[in-house]
Structure formats: C-alpha cells, structure tokens
Ligand SMILES: Nc1ncnc2c1ncn2[C@@H]1O[C@H](COP(=O)(O)OP(=O)(O)O)[C@@H](O)[C@H]1O
Ligand SMILES: [Mg+2]
C-alpha cells in the first residue's frame, strides 16, 4: 500500500505541491488528471526519487517503508516504476544493454538469478513484439533519435520487462496516435493484477477509455481538489478544468 | 615545434645530477664502443646540460609543471632479477602466444620474450642486441626523427638510451598478429629512471600493428622517459597502440615521432590510466603525398594525477589526411592537458585535418586545459578543431537509477559510453576490445 500524507514540496523556494493526500491499495488503478503546471510531474518525480525538491511537510509510506528516505535505485528495486513524461536520451548506451543491466539489478535485489544474454534476448524479443516495436529500436542508443511515440513505447517496454509493483505513468498517452495508444494500453492492462498498483497521470480522458481506473483525482495548483470514480473523467472531458480555478492550457 | 629553449648560461641545477651520472656511466652504456653513438649521446648530454628539465615558462610546457622531479634524485635503474611477474599484460585471448618483447626496468628480458610466429624477414630484437649485431641498421635510424634540440626529455633519453624494442618489417611484408612490447617497472628501494628507445621501421608496403603495455608493479617514484621513432615507408601501414598503467607515484614521459611516406598510414592510440604525472608527445609527419595519420587516445585520471597529451601533426605534402579524437574522464583533483598542433606547410594543398578533444569532469576540482593550435600556410585546405568540457548528465543518471541501476554502475555506463567514442577509433578489433575492457576496469575500480 502507498500512502501519501499531506505532502508539501518546494523547488527553489516556490511551493509546488501544497498538501497531497492519496492512498493507493494493491491492485488499484488511480488516475490523476489536471491542467498543465498543476504539479503532476513533480509528484511523479518525487515518488521516483529525483533530486532537487525540498519536502517541507508530509510523508510517503510504501509498503510500510519511508519511501522518501530511499535512493532512486532502491525504490526501483522495491518495485517503483516511473514512465517518464519526457524520457531521457542516453547517447552511447544501447537500449538492450540498458534494459539488461536494469533487469539484472532488480533480479539481483530480489534474490533471483541474473539472466544471461540468451535468456534476456528471448524475453525482450517477446515483449518487443507484443508492443509492436522493431528489434532495431533495441540496438539503438536509449531514446536517441526516437520519435515521441517511440520513446513512449520504449517506456512501456521497460515497464513490461521490469514488471513493477507500483507503476506511475506520466502522460504516457501524449505523442501517441490512437493505434499506438491502444497497444500501450493493452500492455499496461496486461500488467494489472491484484498485487500491482498504478498511478496513471493524463491530461485527456481518452487514455482512461482503455485503462479503466478505479479512482480519478483532479490535481490543481498542487492539491487534489476532487476525487471520484471513472465517471469524473468524463465530466472533466466535457467541462474542462475551469471549475478548479486553473487556467485551461493545452 | 617553434619553441626555443634558451640556454641559461650555467648548467641548470636540475640537470646537474643527471650529467654527473652520465659522465660516470657513459662507458658502460650499450654500444659504448660505437663512435657515432658516442657522438649522439654527447649531443644529448650537452643539450640537456644546457636546458635541463622544461619549466612552465616554456610555451609547450605551460600547463605541466615538473617541479616535483626536483625533489627526487633518480638513479639509472639497475638490472633487476626477474621477480614476482606471473602475468604480463596482453591483448591476446588467454593462453594465446604471439610475438612480444619484454623489458623489465628498461632491460630486455629474453626468457619472457618471443619472436615466434613472425613472417620471414621480420626482425624483432632488443636495441642493445642490435647495437652489437647490426649497428649499421641502427645508425641509419636512431636519432633521425627525434632530435634533442627543443626537446629536453629527448635530449636526456638520447644521452642515456639503454635498450628498447627494434622492429623491422621489410618491404612488402604484412605481420598479421599484433607485436606486443611490454615495459614493466618493478619496485626498487630508490627512485630509478629508465630511458628506453623504440625503433619501428616499416619498409615499402609493409604492414604491422604494435601494442605497447606500460605497467608498474611497484609503488615507488620511478621515472620512465621513452622515445620512439617510427619510419613508415611509402604504401606502408603502422598501427601503434599503447596503454599506460604505471603506478600512481611514477612519472611517465614519452615522445613518439613518426614519418609517413607516400600513400602510407600511421595510427597512434594511447590509453592512459596510470602514473602520477604523464606526458605523451606524438609527432606525426606526413612526409609523402596522399598519406594519412590517425592520432587518438583516451585518458582516465583521478586522485592527484596529471596527464598531458601534446600532439603535433605536420602536413608537409599535398593530399594528406589527419584525424585526432581524444576523450578524457577526469575525477577528484586530477588534471589533464591537451595541446594539439596542426601545421600545414606551404604546398601541402588539399590537406584534410580534423581534431577534437572532449573532456568529462567528474568532480568540481577536476581540471582540463585544452589548447588547439592551427598553423596553416596553404590555401586549399580543410582543417577543423574543437574542444568540449562537460559533466555527467544528471538527467541520464536519474533515469538509469530510476530503473534500478546503482549509482556507480550508472556512472560507469555513462563514462564508458563517453570514452567509447575515442576507443572506437582503434582500427584493430582485438586491441579495441582489450582497451575497452581496461577502460571498464578503471571505472569499476572506483
Ligand atoms: N525544476 C523546477 N524549477 C522551477 N519550477 C519548476 C520545476 N519543476 C516544475 N516547476 C514548476 O512547478 C509547477 C508544476 O510543474 P509540473 O509538475 O511539471 O506540472 P504538470 O506535470 O502538472 O504539468 C509548474 O509551475 C512548473 O513550472
Ligand atoms: Mg507533466
């Protein structure tokens, strides 16, 4: 279970998260919607362990542990996964190398045997195929020269290979056409299980037609201003975020 | 180089102990009975007596201070009995044999060396032996490319030169296996100095790959002062690779001077991880038309290490191509220097020169000085140079860590990817892979 309590965070003295409360139980899918600049990415980075934020109040408990005390790699080892809104390019590091090192680091942490080159290739080929990705993308440097859609698929591939316990998807739908969206959503749905939790951040209701959430929250100006069931997403799609005092961007 | 060292009247203080040693020892040095060699040595001695060690007042030594040498008095290394050397470095697969010469504290070690597998006509032997068995061949080449005038350390080497490898690949012969040269420094009680001289002579159309290993098994303050002269005849190809992993208290200097004939090719690649202070000078002269040279390297330094790379590409004839790709990773308070000079002489039309030095600073106190220098006297040329200084990409580091990769491993992957761009310049696959592994080892040993 993930419990975010009264989380306040600042960047360069500017308060961006202003008291977030959110509890996600195993097996649940929560969606966070909200206007641009609301703090959605900030929240997801904080959960993944990025530096540069000052947490002024509050706590995050992850299966009984203080998540905010953990290094990013420890969080990943414990099953936290963030699909980045803007995946990072890493020139000179092949996508396969990156994935293999990551997977084996996690397996090692879980006390599982590391995969050799053949076993890994077999696994990754399967997942690549399921996501409609070319083998060529595996050989290329991580995200270098990838289109927006390819980057998002690559995030999905990493998620499929690493099989996280708590996946945060930060606008994974942006930059995807409808076919790609469906494929990525299928990949996400395939991972849904009673043990896994997901936090799906999106700007549009469209994604939630495919990944149907148990709960929907509206984040505006650093606070969750409304929570509801999946019907809330439909309402938001109709009326926009005007009602929440946020300017309607994008 | 255009630099001039001014004689400062009386012998510089720093030169005195070396001159006294020379005057005492000259009779015992190899080839002592050869008049031409005695004359050459005397020139080296006199020049060094005049100028001593370079100082930062000299333009080409502006960034590398040799003051630390003043406090140490180096004795010429005495022949050490073979001791404690179980494994020698190699680029070959485990168990594979091939031609190699081993020098321990500057002296040839016959038992550990082998010329097996060399094609007929190829000569690979120690310089000290060659001075006995084929002095005329040595006389034809020694001192022809590396002259003492403006190079104090070459002057010192010329006076004291004792031993080193001599490789002669005659006309039309291709040597398939790399020839390995291993220089081992053993720990001595006192700081000792070696002045090896390498001669590589490739005849018309000959082809050969040489890999030098420089390793130190001691922790003492030793001085290695190497000079290599490489003759690449018309249509010949010499690939000259070097990896320097000496102890972190040692001083390592080397000056490699190559001359390349028409349609000839000379490659030089130096991988540096060792020595407290090192300076590699590479001077490649395109003396024939349509010749080319690739002079590259990767340096990885940490702690208080200092690593200086100074290259000089001399385009003397038309249609020459030169390419230099250097990459360095500098950690802690280490400091690196890159000075790259490209000279295009009048008449060297259609010259194509490229030079890049990229450094990665891994700590706030790491430092790099990069100084490219283009001197162009022909009008139809294409020359470019560049230097960049960067830090590890924090976003990439976080991305990797967020996928579960430990911080140190993520750093290693990023540094490795950065350095690989230089290591990929190595044309020989075996050497390339071996050097890549050494680079990975450096990162893992943090
Ligand atoms: N590193 C930063 N420095 C300064 N301001 C930042 C930084 N990161 C985010 N912000 C600000 O925080 C607010 C929330 O940003 P973000 O979390 O990216 O919003 P969202 O993902 O909801 O669009 C924005 O006003 C943004 O400009
Ligand atoms: Mg965002």
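Readers should treat all values here as calculations from the given coordinates under stated rules, not as data from a laboratory. As the structure is a computational prediction, the values presented were derived from the model and not from experiment. FYI the Cβ positions are ideal-geometry reconstructions off the backbone, even for glycines, and counts take in every protein chain you see.
On full extension of the chain, what length is gained from residue A:177 through residue A:86, given 0.36 nm per residue of separation minus the C-alpha to C-alpha distance?
That pair, residue A:177 and residue A:86, stretches by 31.1 nm at full extension.
In percent, what relative contact order does the stretch B:16-288 have, based on Cα pairs under 8 Å that are 6 or more apart in sequence?
On the way: 653 pairs, mean separation 43.9, N = 273.
Reported relative contact order: 16 percent.
Going by alpha carbons, how many degrees (0 to 90, nearest 10) lie between the helix axis of A:95-109 and the longest principal axis of chain A? On a 0 to 90 degree scale, this one is about 80. Note on residue B:371/residue A:125: beta-carbon distance plugged into 1/(1 + (r/R0)^6) with R0 of 56 Å gives a FRET efficiency of 0.70. Relative intensity of the stretch B:363-405 on a log10 scale, I(q)/I(0) at q = 0.26, 0.28 Å⁻¹, equals -0.98, -1.03, per a Debye sum over C-alpha point scatterers of equal strength in the absence of solvent. Distance between the pseudo-spin-label points of residue A:54 and residue A:8 (7 Å out from Cα toward the beta carbon): 1.2 nm. Subtracting the Cα-Cα distance of residue B:427 and residue B:333 from 0.36 nm times their residue separation leaves 30.6 nm of extension gain. Its relative contact order, with pairs defined as Cα atoms under 8 Å and 6+ residues apart, puts chain A at 29 percent. Here the contact order of the stretch B:339-446, divided by its residue count and restricted to Cα pairs under 8 Å and six or more residues apart, works out to 24 percent. Size descriptors for the stretch A:140-250 (Cα atoms only): Rg and Dmax, in that order, 14.9, 45 Å.
Averaged over peptide A:83-96, the number of partner chain Cβ atoms lying within 10 Å of each residue's Cβ comes to 4. Label positions at residue B:147 and residue A:214, each projected 7 Å from the Cα along the C-beta direction, are separated by 8.5 nm.
Sorting B:407-419, A:184-196 by their mean Cβ neighbour count within 10 Å, with the most densely packed peptide first, gives B:407-419, A:184-196.
For the ranges B:193-199, B:351-357, what's the packing order if you count other beta-carbon atoms within 10 Å of each residue, average per peptide, and put the highest first?
Peptide ranking by packing, descending: B:193-199, B:351-357.
The calculated pair-distance distribution of the stretch B:356-446 uses every alpha carbon pair, bins of 5 angstrom beginning at 0, and gives 3, 11, 16, 18, 18, 14, 9, 5, 3, 2, 1, 0 percent.
This ranking places B:445, B:322 by how few other beta-carbon atoms lie within 10 Å of each, fewest first, which gives B:445, B:322. Please build a GNM for chain A, connecting alpha carbons under 10 Å apart, and tell me which residue among A:73, A:54, A:112 fluctuates the most. Looking only at A:73, A:54, A:112, the largest GNM fluctuation is found for A:112. Once the C-beta distance of residue B:139 and residue A:23 is scaled by a Förster radius of 51 Å, the resulting FRET efficiency is 0.05 to the nearest 0.05.
Within chain B, all pairs of alpha-carbon atoms sorted by distance into 20 Å bins from zero give the percentages 26, 60, 14, 0. Three semi-axes describe the equivalent ellipsoid of the protein assembly as shown; taken as square roots of 5 times the Cα gyration tensor eigenvalues and ordered largest first, they are 61, 25, 24 Å.
With the helix formula -39500 (n - 2.57) applied to DSSP H stretches of n ≥ 4, the protein assembly as shown reaches a computed 222 nm mean residue ellipticity of -8000 deg cm²/dmol. Ranked for footprinting exposure by Cβ neighbours inside 10 Å, fewest first, A:198, A:118, A:133 give A:118, A:133, A:198. For residue A:65 and residue A:237, FRET efficiency with R0 = 35 Å and r from the beta-carbon atoms, rounded to 0.05? Using R0 = 35 Å, I get an efficiency of 0.45.
Pairwise Cα separations in the stretch A:2-242 fall into 10 Å bins from 0 onward with the following percentages, short to long: 7, 32, 37, 20, 4, 0.
Convex hull of alpha carbon positions in the stretch B:278-322: directionally averaged projected area 3.0 nm². Scoring A:199-205, B:39-45 by mean Cβ neighbours within 10 Å over their residues and listing the highest first yields A:199-205, B:39-45.
Other chains' Cβ within 10 Å of A:50-61 residues: what's the mean?
1
Taking a point 7 Å out from the Cα of residue B:392 in the direction of its Cβ, the residues of the stretch B:329-373 whose backbone N falls within less than 19 Å of it are B:329-336, B:358-368. Quick one: length gained pulling residue B:86 to residue B:171 fully straight, 0.36 nm per residue minus the C-alpha distance? That pair, residue B:86 and residue B:171, stretches by 26.9 nm at full extension. The equivalent ellipsoid that matches the C-alpha gyration tensor of the stretch B:174-229 spans semi-axes of 30, 13, 5 angstrom, in descending order.
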